[in-house]
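Here is the structure we will look at, set down as structure tokens.
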Amino acid sequence: MSKRNACHAIAPGVRATAGSPVSSRSPIEQMKKILLAIALCSAAGSVVTLPGATNDVTAAQVNGTWKMKGGEFKIWALGQQRLQIEFSGTYEYKSPAGPMANEGQGNGIARIEGDTAIFKPEGADDECAIKLKFTPGKLVVTQTGVCGFGHNVTAEGTYKKVSAKKPKFDSADR
């Protein structure tokens, strides 16, 4: 349903064209009806989903290697809304002994719906959830819970695609 059709369905018979009467009601009542119709049409237009409009992403859009400072995701579509995922991350810090780093890895199979995949690395705590949202040219990752990557190592951040080739996974290919 288009915005115009949605507006007509919300307020049938209301026409807000200049110089034409809206109804036999007083000008104030007419203005209230028009403003209500405009408000409802604006609200309806913001929630109406047009047929064919989806957030689905293709395998070509998700496949490859994604990087940011301190983190890397390797992703490959397996079909049936499944992705093979491998994460490696580092947390660098300075100590009295010099520069140090904590490292962590995780791998597993994620389910993708639309443009978002939920990933829980094999062996991670139950509360661990990594949400990967694919947007044009970037991957936005949020992490909740402890995922066992090491002290201060997190998957969270915005990643840039650096390669569309099939990644070489350190874990066994599935």
Taking residue 144, is it among the polar types (S, T, N, Q) and within 19 Å of residue 65 (Cα to Cα)?
no
Contact list, first residue from the stretch 131-156 and among the basic types (Lys, Arg), second anywhere and at pLDDT 95 or above and assigned to a loop (DSSP other than H, G, I, E, B), beta-carbon distance below 9 Å, six or more apart or interchain, is 133/115
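Mind listing whichever residues of the stretch 123-174 are of a type in the set (Phe, Trp, Tyr) and not assigned by TED's automatic domain parsing to the domain that holds residue 107? First the steps, then the outcome.
The first filter runs over the stretch 123-174 and keeps only residues of a type in the set (Phe, Trp, Tyr), leaving 134, 149, 159, 169.
Matches in the stretch 123-174: 169 only.
The values are calculated or read from the model by the stated rules, or taken from the named source; none is laboratory data. Fair warning: this is a prediction, and the values are worked out from it, not measured in the lab. Backbone-built Cβ (ideal geometry, glycine too); neighbour counts: all protein chains shown.
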